[in-house]
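The values are calculated or read from the model by the stated rules, or taken from the named source; none is laboratory data. Quick caveat, the model's predicted, so the values are computed rather than measured. Here the Cβ positions follow ideal geometry from the backbone for every residue, glycine too, while neighbour counts run over all protein chains shown. Protein only, heavy atoms only, side chains kept; ligands, DNA and RNA dropped before computing areas. Shrake-Rupley method; radii C 1.70, N 1.55, O 1.52, S 1.80 Å.
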Amino acid sequence: MPTTVIKNAGWVAAWDESAKRHVYRRGIDVAFEGNAISFVGTGYGGAADRTIDGKDCFVLPGLIDVHSHPEHEPTYRGIREEHGLPGMYMTGLFERAQAYSSSYAEAEADAGAAAEFAYCELLKCGVTSLVDISPNWDGWVDLMAKSGLRSFLAPGFASARWKLENDHTLGYAWDEARGKAGFAAALELIDGLAKHPSGLLSGVVSPSQIDTCTESLLRDAFAAARERKLPFTVHCAQAVNEVQEMIDRHGQTSIQWADSLGLLAPGTILGHALFIDTHSWIRWHTKRDLAILAESGTAIAHCPSPFVRYGHVLENLGDYLRAGVTVGIGTDVSPHNLVEEMRKAAVLGRVAARDIRAVSTSDVFHAATVGGATALMRDDLGRLAPGKKADLVIVDLKHPHMMPARDPLRSFVYHAADRAVRDVFVDGRQVVAAGKVLTLDQAGAAERLTQAQAHLMASVPQRDYLKRSADQITPLSLPVA
Ligand SMILES: [Zn+2]
């Protein structure tokens, strides 16, 4: 098997197994053979097929993105950044899901453009493992395999769609048979992934939302995940309206109801568990949700960007971490820049806590690596240590945005982000070189994405409850003179 060695790396974020944490090491060699890291230390003496001069390199484990929707989110650029309904506690989720929902059964090319664009963004910021929660579209498996990402495909299914007839009431259109059929199709896709020759694809059982699935569908989906030893993910406690709906239906918060169904356990990832009972927009009397998350071993997919655009913030990340909740980071929306999400997670945690000590850079780096790996039940990911998977990132210490690189992780998270990512390896294979994605075509995807957005916007009046145009729902930020 080919061996690559990064000689005399300037800085390395290495894994200290005894302390169970990342540590800085300087001037060491990092070698990987085939798809596994074989050496992290001083004076590598083995043979190497390729030697990389590490002097200007900050070597870190590949980042893990535990929540994304690449099949459609890139088409929302310029549409969703300021779209929200005050009468729905500021969220634009429900109106957008109805009005801006193109049927990809008729537009696979559009889904392909969006996903290819997103995968490029992800690779370029150092993501090596991706949970992709999307409706099943033709070409998905092939494109994911082509990307070279370590891919966790999460085909979504649901028993209901959100249905709006005004700007302040969340309604539901139920179709239980559709939910069951979607579940069966999802399992068929997931079960086929293990045979994929790349060895990099696996599945996540993913009923779409806690409020759009029947109790039996949720229970069956969780059982299917357990049976296959696969992760399970569902959107839960992501909106104020959703939590109110669950209290109306069950007398319990979304988290409590999920717990009562037995869905909360290690290997379960909740997107996004923001609106727990103690959140200032909920203020439900129970004050138990955080403890339920921690005690059950449930992970949350923390994705600050969509929420902060509505004016929402998780309250607060430091409390979740100190309670013992497993936290992974995700990119729910465009841009698919996990490093920006890490930065937001750190600073918004401090805003929410009104305390600079609430969340540290080390906390968010741990979440974006080990936290994500734990959520996915994969202790062979997210760590630079012998025997772990050769998923690693080289950041250019000589990039002007990294300098002075006194503390390269801070330079990376608060300053340079994706701009300084030079090379990315997944499973020992190089997928980004000198900042360029080797496996996909981002510029070509961007052109096709522009067409995809035009298709999406054209269908808006047919779907919106007031038959408005896209420009009426989401006007441009400046008038066109
Ligand atoms: Zn999501």
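General observations
- Placing R0 at 22 angstrom, the Cβ-Cβ distance between GLN430 and ALA19 gives a FRET efficiency of 0.15 after rounding to 0.05.
- Quarter of Cα convex hull surface for segment 258-395, i.e. mean projection, nm²: 9.0 nm²
- Under 5 Å, built H, 5+ apart or other chain: amide partners of HIS22: ASP16
- The modelled label-to-label distance between MET377 and HIS285, using points 7 Å beyond Cα along the C-beta direction, is 3.8 nm.
- Alpha-carbon centroids, segment 424-444 and segment 169-193: separation in whole Å: 33 Å
- ARG80 - accessible surface, heavy atoms, 1.4 Å probe, Å² rounded to 10: 20 Å²
- As a length-normalised measure over Cα pairs under 8 Å and 6 or more apart, the relative contact order of the chain settles at 21 percent.
- Cut-off under 5 Å, modelled amide H: who pairs with LEU85 long-range: MET90, THR91, GLY92
- The chain: antiparallel DSSP beta bridges as a percent of all, rounded to 5: 50 percent
- On a per residue basis, the chain carries 39 Å² of accessible surface, using protein heavy atoms and a 1.4 Å probe.
- Subtracting the Cα-Cα distance of GLU176 and ALA223 from their residue separation scaled by 0.36 nm leaves 15.1 nm.
- Divided by 2.2 N^0.38 Å, where N counts the residues, the Cα radius of gyration of segment 191-312 comes to 1.10.
- Portion, in percent, of the accessible area of segment 295-392 that falls on carbon or sulfur, probe 1.4 Å: 49 percent
- Approximate spin-label separation ASP142-SER362, in nm, with each point projected 7 Å along Cα-to-Cβ: 4.8 nm
- Spin-label model, HIS250 to HIS415: label points 7 Å out along the Cα-to-beta-carbon direction sit 4.7 nm apart.
- Equivalent ellipsoid semi-axes, segment 353-481, via Cα gyration tensor eigenvalues times 5, rooted, Å: 37, 21, 19
- Whole-Hz couplings from phi, Karplus 6.51/-1.76/1.60, listed for segment 402-407; x for Gly and Pro: 8, 9, x, 8, 4, 10
- Given LYS163/LYS287; LYS398/LYS436; LYS229/LYS287; LYS20/LYS436; LYS20/LYS287; LYS163/LYS229, the pairs whose alpha carbons are separated by over 25 Å: LYS163/LYS287; LYS229/LYS287; LYS20/LYS436; LYS20/LYS287; LYS163/LYS229
- Translational diffusion of segment 5-92 was estimated from the Stokes-Einstein equation, with Rh taken as the Kirkwood radius over Cα pairs; at 10 °C and 1.306 mPa s the coefficient is 96 µm²/s.
- In order along segment 268-278, the phi-based Karplus estimate (6.51 cos²θ - 1.76 cosθ + 1.60, θ = phi - 60°) of 3J(HN,Hα) comes to 9, 10, 9, x, 9, 6, 7, 8, 8, 4, 8 Hz; Gly and Pro are listed as x.
- Amide H within-cut-off set for HIS302, under 5 Å, with H built and near neighbours excluded: GLY328, ILE329, GLY330
- Dividing the summed helix terms, -39500 (n - 2.57) for each DSSP H run of n ≥ 4, by the number of residues in the chain produces a 222 nm estimate of -9500 deg cm²/dmol to the nearest 500.
- Dividing the convex hull volume of the alpha-carbon atoms in the chain by its residue count gives 146 Å³ per residue.
- Note on segment 175-250: Kirkwood hydrodynamic radius from all Cα pairs is 13.5 Å, rounded to one decimal.
- Heavy-atom surface analysis with a 1.4 Å probe gives segment 1-101 a carbon and sulfur content of 50 percent of its accessible area.
- Local net charge near SER198, Cβ-Cβ under 10 Å (Lys/Arg +1, Asp/Glu -1): +2
- Whole-number D in µm² s⁻¹ for segment 398-467, Kirkwood Cα-pair radius fed into Stokes-Einstein, 25 °C, 0.890 mPa s: 158 µm²/s
- Mean Cα-pair separation over length for segment 66-177, i.e. relative contact order, pairs under 8 Å, 6 or more apart, %: 30 percent
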